[in-house]
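Accompanying notes for the structure given below.
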Amino acid sequence: MRIPHSNAFIDLNKDFTADLFLTTKTSFETWINKDGNFTKADVMSKPEAKVIGQSSFVDFDGDGEQDHLLPACTDETCQQSAIYLAKSDSKEWVPVLSEFKHKETQWGFVPGSLSQPLVLHLGDYNLDGFPDALVILRNMSGSGQRAFLLENIPCNGPPCSSKRMFHIHWDQSDLGRIENATMATFFDIYEDGILDMLVLSKTDSKSDLMIHALKNNFEADAYFVKVMVLSGLCSNDCPEDVKPLGVNQPGPYVMYTTVDSTGNLKYASAGQLSQSAHFSLQLPYTVLGLGRSANFLDHLFVGIPREPGNTDIRKQEWTAIIPNSQLIVIPFPHDKPRSWSAKLYLTPSNSVLLTAIALIGVCVLILVIIGILHWKEKKADDREKRQEAHRFHFDAM
């Protein structure tokens, strides 16, 4: 095994059962879960690089499959850095970011160590359905290191080896104010479905560390679904009247399908707690961005790992999931997916407030129109009564 390793426990063949990914000193190994037992299926060589970072797994291009992201440097001092992508069905490494020069300044990764490994921390900060990344880069002229946001955008090459690529946000003023940053990751501080940022930095004394929390000020009213899969276990035997909840378990796989605003079918997938060592700093839940499409999720699939000898896939499907909601899945009993339950908690968005304001405005407008018409009708009635009284007077004469 390589030290520091970046092994993973995540579904790599889209059967909703967690497989095993191992990082060795010379290659990467994939062990597929077949009937609950791991079988060696594939060996993939490293890219041509001197420094190899930590492997990460995300649905990089929104096709519902987990892709392999790997930061690396072509030289020992990381003067030339790159981020490589390997699709789930390919052994070819393609670069999704290789240009780290801003104006006249060259930036690059910090060569990995046990205290500061070369790792990407991933999360969908703008909820567009494609995972972004936080990374630490250092100025090659020796003026320190900072945290940078890498946005997942469509490839604007040429050349384009992949449909999407990373773009460095050089103008992140809040991140830029934090000097001597050593680590950065995403976290939903306000529990509103929008991922904020946590940055660890060294103080002036270089011996103490400081944690900075940055609120995500992304204003676009995008939608999301937040899924947490529990273990469905009790610490002891569960009493008959107590439903087991448990804690967040490693290895579940979540995927949804929906129709976007243009009418195209959209996929996205994610694994929960697939890596747990060497500062992986993964969230204990999955946040899947939906973009600006407020449509219900047509299908949401959740699968959990299998035990040895178990041939049945543990997968359940829920339909018509409301956007901007948190779904807590309780997989009990494990071997009976039809008996699994889910609790849905809604998170109001800005559109709810705008809808309420529009509704109140329409009601006020209708009341004003009704009041004006009623006033006109009353005046017409009074005029008609006076005319009737005047006509009766002359008839009496």
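Residue count for region 41-70 under the criterion of being hydroxyl-bearing (Ser, Thr, Tyr) and open to solvent by less than 10 Å² (accessible area, probe 1.4 Å): the result is 2. Considering each residue of region 282-289 in turn, at least one proves to be assigned to a strand (DSSP E or B), of a type in the set (Gly, Ala, Ser) and open to solvent by less than 50 Å² (accessible area, probe 1.4 Å). Of the residues making up region 103-131, those that are more than 25 Å from the chain's Cα centre (by Cα), open to solvent by 30 Å² or more (accessible area, probe 1.4 Å) and not charged (D, E, K, R) are Thr105, Gln106, Pro111, Gly112, Ser113, Leu114, Ser115.
Okay, residues lined up against (1) under 23 Å from Gly291 (Cβ atoms); (2) touching a Cys at 6+ places or on another chain (Cβ under 6 Å); (3) not in a helix (DSSP H, G or I):
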| site | (1), (2), (3) |
| --- | --- |
| Leu344 | yes, no, yes |
| Leu354 | yes, no, no |
| Ile357 | no, no, no |
| Gly361 | no, no, no |
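The one condition from (1) outside any strand (DSSP E or B); (2) open to solvent by 20 Å² or more (accessible area, probe 1.4 Å) that Met165 does not meet is (1). In region 49-67, the residues that are within 13 Å of Asp132 (Cβ to Cβ) and hydroxyl-bearing (Ser, Thr, Tyr) reach residues that are open to solvent by less than 20 Å² (accessible area, probe 1.4 Å) and in a loop (DSSP other than H, G, I, E, B) with C-beta atoms within less than 7 angstrom, at least six apart or across chains, in these pairs: Ser56/Leu120. Apart from one condition, Leu12 fits all of (1) touching a residue at least 12 places away in the same chain (Cβ under 8 Å); (2) assigned to a strand (DSSP E or B); the exception is (2).
With the requirement that a residue be of a type in the set (Ser, Thr, Tyr) and crowded, with 23+ Cβ neighbours inside 10 Å, what does region 245-257 give you? Those that are of a type in the set (Ser, Thr, Tyr) and crowded, with 23+ Cβ neighbours inside 10 Å: Tyr253, Tyr256. The residues of region 231-244 that are open to solvent by less than 80 Å² (accessible area, probe 1.4 Å) and at pLDDT below 90, listed by number, are Gly232, Cys234, Cys238, Pro239, Val242, Pro244.
Can you pull out the residues in region 258-281 that are farther than 20 Å from Ser88 by Cβ, in contact with a strand residue (DSSP E or B) (Cβ under 8 Å, 6 or more places away or on another chain) and surrounded by fewer than 16 Cβ atoms within 10 Å (Cβ to Cβ)? Scanning region 258-281 gives Val259, Asp260, Ser261. Of all the residues in region 342-379, those that are under 24 Å from Val302 (Cβ atoms) and either in contact (Cβ under 8 Å) with a residue 60 or more places away in the chain or among the basic types (Lys, Arg) (or both) number 3. Touching a residue at least 24 places away in the same chain (Cβ under 8 Å), among the polar types (S, T, N, Q) and under 23 Å from Ile321 (Cβ atoms), is that true of Ser231? Answer is yes for this residue. Residues in region 37-64 that are assigned to a loop (DSSP other than H, G, I, E, B), on the phi < 0 side of the Ramachandran plot and out of contact with any Lys or Arg (no Cβ under 6 Å at 6 or more places or on another chain): Lys46, Pro47, Glu48, Ala49, Lys50, Gly53, Gln54, Ser55, Asp59, Phe60, Asp63.
Mind listing whichever residues of region 233-254 are assigned to a loop (DSSP other than H, G, I, E, B) and either closer than 26 Å to Ala8 by Cα or small (Gly, Ala, Ser) (or both)? Residues satisfying the conditions are Leu233, Cys234, Ser235, Leu245, Gly246, Val247, Gln249, Pro250, Gly251, Pro252. Within region 310-337, the only residue that satisfies the criterion of being free of Cβ contacts under 8 Å to residues at least 24 places away in the same chain and buried (at least 17 other Cβ atoms within 10 Å of the Cβ) is Pro337. Residues in region 286-309 that are without any contact (Cβ under 8 Å) to a residue 60 or more places away in the chain, within 18 Å of the chain's Cα centre (by Cα) and under 24 Å from Thr17 (Cα atoms): His299 only.
Determine whether region 197-213 contains at least one residue that is open to solvent by 100 Å² or more (accessible area, probe 1.4 Å) and either under 22 Å from Thr347 (Cα atoms) or in contact (Cβ under 8 Å) with a residue 60 or more places away in the chain (or both). Within region 197-213, none of the residues are open to solvent by 100 Å² or more (accessible area, probe 1.4 Å) and either under 22 Å from Thr347 (Cα atoms) or in contact (Cβ under 8 Å) with a residue 60 or more places away in the chain (or both). Residues that are surrounded by fewer than 15 Cβ atoms within 10 Å (Cβ to Cβ) and part of a strand (DSSP E or B) within region 15-36 comprise just one, Ser27.
Considering only residues in region 168-179 that are modelled with pLDDT of 90 or more and crowded, with 16+ Cβ neighbours inside 10 Å, the one that is farthest from Pro131 (Cα to Cα) turns out to be Ile178. Scanning region 82-96 for residues that are closer than 19 Å to Pro117 by Cα and open to solvent by 10 Å² or more (accessible area, probe 1.4 Å) turns up just one, Tyr84.
The values are calculated or read from the model by the stated rules, or taken from the named source; none is laboratory data. Fair warning: this is a prediction, and the values are worked out from it, not measured in the lab. Methodologically, a virtual Cβ is constructed for each residue, glycine included, from the backbone with ideal geometry; neighbour enumeration extends over all protein chains shown. Areas reflect the complete protein model, heavy atoms only, side chains present, ligands, DNA and RNA absent. Shrake-Rupley method; radii C 1.70, N 1.55, O 1.52, S 1.80 Å.
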